[in-house]
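So the structure is just underneath, and the comments pick up after that.
The values are calculated or read from the model by the stated rules, or taken from the named source; none is laboratory data. Please read these numbers as outputs of a predicted model, since none were measured by experiment. Backbone-built Cβ (ideal geometry, glycine too); neighbour counts: all protein chains shown.
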Amino acid sequence: MRFDFFRRSEPQDETVDKRPLDDVKLPTATPRVASDPGEAPGHIVHAMLLDSRKRTVGYRLAWRVTGAPSGQGGMAGFKPLLRAISQHLNGDGRAWALDEMELFVDATIESLFASELQALPAERMVLCMSLQDLSDADARPMLMYLREQGFGFMLCGTSEFPEDPELRRIVTHMDVGAVNPLVLARMSEGPDPLRVQWIATRIHDLGDLDASANFHMKAFVDGGFPLLPVGQLVDALQPDAQLIVKLMRMIHRNEDTREIEATLKLDARLTYRLLRHINSPAIGGGVEIHSLRHAVSMLGYTPMFRWLTMLLASSHSTAGTPYMTKKAIIRGRFVELLGQGLLPPAEADNLFVVGMLSLIDQLLGVPMDEILGHVHLPMPVQDAILRRSGVYGAFLALAESCESDGALAAELSEELFLSQDQVNDAHLTALAWAQDVGAGADVA
């Protein structure tokens with residue numbers, strides 16, 4: 001399924017009501033249907049919003065109802081999706097887990113009245129709606145109220161920006177669909193681009209993504225989006241990647257820390273990165289580390305291999321590296337969390353490597369067989385990466401399904417004896433972890 005969403009910018013001349021909700025009288029408009037259609041079981045799927053530099057600046061989340069066609073979650077999926085977002089990205093008094101990033105979710109008139117909306121940070125939420133729903137006169141008071149609170153609204157499913165002045169004040173984002181020469185003309189005839197952001201939503205390949213960047217537009221890409229066009233793979237690893245792979249082989253063979261230290265010394269930048277990583281608050285525990293040998297000993301072989309895996313994912317500056325590196329980190333953590341409690345701790349560490357390295361050919365521009373031939377990973381890890389088979393294969397396939405349309409999510413979850421709550425919890429936890437993971441700064 002393709003995602004059609006936009007990133008919100010603040011209006012210039014609107015006053016946001018910051019009073020507590022108990023002191024604000026809600027609009028009295030009523031939903032189109034009186035009865036709650038109930039909630040349906042399902043799995044969360046996500047797409048990434050990329051800026052012109054191909055960095056991830058937001059996410060689109062949707063609820064894939066079990067057994068329903070792609071994209072048909074409706075009100076039945078709106079409430080459980082918002083509750084999950086509140087619990088994992090904004091719960092327990094924490095700050096918004098995604099920093100400056102915004103979330104885009106599909107909404108209908110009925111969903112505007114859901115109390116779950118009020119548990120989320122309005123300035124980080126964008127509700128994606130059709131022109132028909134946004135134009136509904138009965139819903140206008142609620143639309144205006146939510147806009148005053150800071151919620152953004154994306155207009156989708158139309159090629160023309162509405163003439164209604166009041167509706168123009170509500171809309172903060174608009175779908176331009178596919179990028180083509182007509183887009184610029186439409187943008188020039190539309191509202192102030194500083195107030196409304198235009199996002200390309202029908203992105204099928206790297207050429208489409210480059211075109212949106214040339215127009216200084218953001219773009220949504222889903223899990224099926226290819227990074228490298230066919231024929232652009234090279235035959236050999238670049239020097240940075242070669243050294244990292246050499247270290248990974250040494251750790252895999254449990255070589256002496258003195259030998260690992262000597263290899264690390266061959267690259268001052270890599271040495272600096274390791275010392276910065278080991279001295280970070282999340283890792284060092286207040287103990288200042290200056291010796292490479294001490295750093296390797298303190299970190300341990302398994303965490304060291306994990307750290308090198310993330311470094312390898314960012315060692316080559318391909319056209320889509322910022323986005324793909326973030327995607328690989330999310331996938332690695334997601335796959336690892338899915339296996340926690342089902343597999344021993346060492347196996348969960350392998351799952352992280354499986355998730356990260358499943359994208360390594362796209363990140364490095366090198367065929368997967370070539371990379372795996374250098375790293376010499378255990379066969380169960382290789383089986384999962386190459387064929388989505390073996391003890392780890394279904395975990396990886398489940399994470400991949402949740403990056404696209406979620407069509408296989410229910411089936412794979414059942415195969416792994418995982419509930420929908422376990423999968424959705426792992427999914428959103430992985431998004432948050434990738435945002436603040438200390439090693440993420442080292443590999444950026």
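Across the range 383-395, the number of residues qualifying as surrounded by fewer than 24 Cβ atoms within 10 Å (Cβ to Cβ), in contact with a helix residue (DSSP H, G or I) (Cβ under 6 Å, 6 or more places away or on another chain) and of a type in the set (A, V, I, L, M) comes to 2. If you go through the range 124-149 and keep only what is within 30 Å of ALA97 (Cβ to Cβ) and in contact with a strand residue (DSSP E or B) (Cβ under 8 Å, 6 or more places away or on another chain), you end up with ARG124, MET125, VAL126, LEU127, CYS128, MET129, SER130, LEU134, LEU143, LEU146, ARG147.
Yes/no matrix, rows are residues, columns are (1) touching a residue at least 40 places away in the same chain (Cβ under 8 Å); (2) buried (at least 23 other Cβ atoms within 10 Å of the Cβ); (3) of a type in the set (D, E, K, R); (4) touching a helix residue (DSSP H, G or I) at 6+ places or on another chain (Cβ under 8 Å):
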{"site": "ARG331", "(1), (2), (3), (4)": "yes, yes, yes, yes"}
{"site": "PHE334", "(1), (2), (3), (4)": "yes, yes, no, yes"}
{"site": "PRO344", "(1), (2), (3), (4)": "no, no, no, no"}
{"site": "LEU351", "(1), (2), (3), (4)": "yes, yes, no, yes"}
{"site": "MET356", "(1), (2), (3), (4)": "yes, yes, no, yes"}
{"site": "PRO367", "(1), (2), (3), (4)": "yes, no, no, yes"}
{"site": "GLY373", "(1), (2), (3), (4)": "no, no, no, no"}
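Annotation: ASP405 fulfils all but one of (1) assigned to a helix (DSSP H, G or I); (2) closer than 19 Å to TYR59 by Cα; the unmet one is (1). Contact annotation: residue pairs with Cβ atoms under 8 Å, 6 or more positions apart or on different chains, pairing a residue in the range 160-181 that is within 20 Å of MET217 (Cβ to Cβ) with a partner that is of a type in the set (Asp, Glu) and modelled with pLDDT under 85, are PHE161/GLU189; ASP175/ASP4; GLY177/ASP4.
Only a single criterion out of (1) closer than 24 Å to HIS43 by Cβ; (2) assigned to a helix (DSSP H, G or I); (3) not β-branched (Val, Ile, Thr) is not satisfied by ASP383, namely (1). Starting from residues that are part of a helix (DSSP H, G or I) and more than 25 Å from ALA346 (Cβ to Cβ), keep the ones in the range 293-323 and report whichever is modelled with the lowest pLDDT. Among them, the one singled out is THR321.
Where helices (runs of 4 or more DSSP H) sit wholly within the range 84-201, those with at least 2 residues that are at pLDDT 85 or above and surrounded by fewer than 22 Cβ atoms within 10 Å (Cβ to Cβ) occupy 131-134, 140-149, 165-170. Can you name every residue in the range 345-398 that is in contact with an Asp or Glu (Cβ under 6 Å, 6 or more places away or on another chain) and within 20 Å of ASN254 (Cα to Cα)? The answer is ALA348, LEU351, PHE352.
When ASP369, ASP405 are screened for being charged (D, E, K, R) and either in the same structural domain as LYS79 (by TED's automatic domain parsing) or in contact with a strand residue (DSSP E or B) (Cβ under 7 Å, 6 or more places away or on another chain) (or both), only ASP405 passes.
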